[in-house]
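*Asks:* Pasting a structure here, questions to come.
The values are calculated or read from the model by the stated rules, or taken from the named source; none is laboratory data. Computed from a prediction, not measured in an experiment: that's the story for all the values here. So basically every Cβ, Gly included, is an ideal-geometry build from the backbone, and we count neighbours across all protein chains shown. The accessibility values were calculated without ligands, DNA or RNA, using every heavy atom of the protein model including side chains. Shrake-Rupley method; radii C 1.70, N 1.55, O 1.52, S 1.80 Å.
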Amino acid sequence: MADDRAQRGAEILAQLHAGFGGPQVLGPLAEVAPDLVAMVRDFAFGEIYARPGLDLKTRQLVTVAALAARNDYPLVLKAHLHAAMNLGWTREELVETLMQIGVYAGFPAAIAALMIAREVFQERERTPANPSP
């Protein structure tokens, strides 16, 4: 059971963070707290993200909106914005999502999230998702 969760979690993480944000998302944390990395991979991604009620693309948009509304995890929001784009959400859809949270989470949260999105868009324009060797 635990091996199944770990496998599902690893597969979902690979799908979300292919190209941009891949190994560096949880990689550095493994040096300090490998058990926490396993917990996040197995539970958050191997259990919650793997549930059948929503597709992965929709779950990612919900994640982006929740992180933006919290306005206190910029590195995690940045990684999940990259992941949302990897799954097919467009720049315009993400901007609209982040503007929408301003109504419910406050304009400072929306502005902060949009500034992080700006960084993500610039990074993606500068660097191809899968650079050739």
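*Asks:* Taking segment 37-59 as the region of interest, how many residues are assigned to a helix (DSSP H, G or I) and without any contact (Cβ under 8 Å) to a residue 40 or more places away in the chain?
*Replies:* 12
*Asks:* While we're here: Taking the stated definitions as given, is GLY102 closer than 25 Å to LEU54 by Cα, in contact with a helix residue (DSSP H, G or I) (Cβ under 8 Å, 6 or more places away or on another chain) and not in a helix (DSSP H, G or I)?
*Replies:* no
*Asks:* Are any residues in segment 115-133 open to solvent by 50 Å² or more (accessible area, probe 1.4 Å) and at pLDDT 95 or above, and if so, which ones?
*Replies:* Within segment 115-133, MET115, ARG118, GLU119, GLN122 qualify.
*Asks:* Scan segment 24-46 and give yes if some residue there is within 17 Å of GLU123 (Cβ to Cβ), out of contact with any Lys or Arg (no Cβ under 9 Å at 6 or more places or on another chain), surrounded by fewer than 20 Cβ atoms within 10 Å (Cβ to Cβ) and not aromatic (Phe, Trp, Tyr), otherwise no. So that I can check it myself, show each step before the final result.
*Replies:* Going residue by residue through segment 24-46, those that are within 17 Å of GLU123 (Cβ to Cβ) are 24-25.
Then drop every residue that is not out of contact with any Lys or Arg (no Cβ under 9 Å at 6 or more places or on another chain), which leaves 24-25.
Restricting the remaining residues to those that are surrounded by fewer than 20 Cβ atoms within 10 Å (Cβ to Cβ) gives 24.
When the remaining residues are screened for being not aromatic (Phe, Trp, Tyr), the result is 24.
Yes, the conditions are met somewhere in segment 24-46.
*Asks:* Does LEU77 qualify as being buried (at least 18 other Cβ atoms within 10 Å of the Cβ) and not polar (S, T, N, Q)?
*Replies:* Working: buried (at least 18 other Cβ atoms within 10 Å of the Cβ): yes; not polar (S, T, N, Q): yes.
The answer is yes for LEU77.
*Asks:* Is it true that GLY19 is farther than 30 Å from PHE107 by Cβ, in contact (Cβ under 8 Å) with a residue 60 or more places away in the chain and either open to solvent by less than 70 Å² (accessible area, probe 1.4 Å) or outside any loop (DSSP other than H, G, I, E, B) (or both)?
*Replies:* Against the criterion (farther than 30 Å from PHE107 by Cβ, in contact (Cβ under 8 Å) with a residue 60 or more places away in the chain and either open to solvent by less than 70 Å² (accessible area, probe 1.4 Å) or outside any loop (DSSP other than H, G, I, E, B) (or both)), GLY19 qualifies.
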